[in-house]
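The values are calculated or read from the model by the stated rules, or taken from the named source; none is laboratory data. If you're wondering where the values come from, they're calculated on a predicted model, not measured in any experiment. Cβ coordinates were reconstructed from backbone atoms using ideal geometry, including for glycine residues, and neighbour counts include every protein chain displayed. Surface areas here come from the heavy atoms of the whole protein model, side chains and all, with no ligands, DNA or RNA. Shrake-Rupley method; radii C 1.70, N 1.55, O 1.52, S 1.80 Å.
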Amino acid sequence: MLTVRSLQVLLAACLLLSAGANAQSPEAKDGPGELAALLQLQPDAAKGMKVFTACWDCHRKDASGRASGVYPRLAGQHSSVLIKQLSDIRSGRRNNPNMRPLASTLSRNDVVDVAAYLQSLPVSGTNGKGPGSALAQGKQLYDRDCVSCHGGNGEGNGAKFYPMVAAQHYQYLLREVVAIRNGDRGNSNPEMVQAVKNYSQGDIEAVADYMSQLPPPKR
């Protein structure tokens, strides 16, 4: 019997196929090889807006995600980061079984188009924040271990595929840092694995709390 979640996945996959409006067969999804090809394509954000309509139910129409952390905020994220993560999910390099069937329906043009559209969106609304009870500890850890990659204001670095972490949902940040520490994410940057491998649960909660409190970087 199909569960509600299964029906949602099936419906979303059908919508993505129609939104892409591409008649060609899906391209090979081979991780690093596909990423290089994706980065050579010219994006069309207007087409990406149409592709993203199939994602509204989960990530919301404004791409603000869910405070529960099940779905991250995507609005304003670097397009290069989104392209890499979608490529990694499609190839299985990043462990995301819920998203993989949907990402796999996208053509390469769909991937770069939707990434360009999401980057263009304002970071609107409020994000799910942590309790704010260990911000000093979180800042100390962030400044020591995270600032060189994610920036002083959590703005990230698109050229190096470092995501913007400012204004991301606390629960999402918490889950992903735990997955990186435990080796469950799959495509984790080795430098980040090294940085957080000795973090306690309290350390992770503190640094995720701090990042969630950072305001969206000014464009």
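Put simply, of A167, A195, A206 the only residue that is part of a loop (DSSP other than H, G, I, E, B) and either in contact with a Leu (Cβ under 7 Å, 6 or more places away or on another chain) or without any contact (Cβ under 8 Å) to a residue 60 or more places away in the chain (or both) is A167. Within segment 117-151, the set of residues being under 30 Å from D44 (Cα atoms) and either assigned to a loop (DSSP other than H, G, I, E, B) or among the aliphatic types (A, V, I, L, M) (or both) comprises L118, L121, P122, V123, S124, G125, T126, N127, G151. Restricting attention to segment 209-219 and to residues that are in a helix (DSSP H, G or I) and not small (G, A, S), the residue that is most open to solvent (accessible area, probe 1.4 Å) turns out to be Q213. Among residues of segment 43-70 that are hydrophobic (A, V, I, L, M, F, W, C), those with a Cβ under 6 angstrom from a residue that is open to solvent by 60 Å² or more (accessible area, probe 1.4 Å) and in a helix (DSSP H, G or I), sequence gap 6+ or separate chain, pair up as A45/S120; A54/L15. For segment 80-92, the tally of residues that are open to solvent by 30 Å² or more (accessible area, probe 1.4 Å), farther than 11 Å from L35 by Cα and either hydrophobic (A, V, I, L, M, F, W, C) or assigned to a helix (DSSP H, G or I) (or both) stands at 0. Being at pLDDT 95 or above, in contact with a strand residue (DSSP E or B) (Cβ under 9 Å, 6 or more places away or on another chain) and part of a helix (DSSP H, G or I) is a property that V114 lacks. Only residues that are among the aliphatic types (A, V, I, L, M) and more than 18 Å from D113 (Cα to Cα): list them for segment 30-85, please. If the condition is that a residue be among the aliphatic types (A, V, I, L, M) and more than 18 Å from D113 (Cα to Cα), then A67, V70 are the ones that fit. Of all residues assigned to segment 183-199, none qualifies as being over 18 Å from the mean Cα position of the chain (by Cα) and farther than 12 Å from D145 by Cβ. Here is the figure for segment 135-161: residues that are touching a helix residue (DSSP H, G or I) at 6+ places or on another chain (Cβ under 8 Å), open to solvent by 30 Å² or more (accessible area, probe 1.4 Å) and either closer than 11 Å to L214 by Cα or at pLDDT below 95 (or both) total 2. Out of segment 170-183, which residues are among the basic types (K, R) and either assigned to a loop (DSSP other than H, G, I, E, B) or buried (at least 21 other Cβ atoms within 10 Å of the Cβ) (or both)? Hit for segment 170-183 is R181, nothing else. You will find that of A206, A167, the residue that is over 24 Å from L39 (Cα atoms), open to solvent by less than 30 Å² (accessible area, probe 1.4 Å) and more than 20 Å from the chain's Cα centre (by Cα) is A206 and no other. Do we have any residue at all in segment 114-132 that's closer than 26 Å to G92 by Cβ and open to solvent by 50 Å² or more (accessible area, probe 1.4 Å)? Yes, there is a match, as at least one residue in segment 114-132 is closer than 26 Å to G92 by Cβ and open to solvent by 50 Å² or more (accessible area, probe 1.4 Å).
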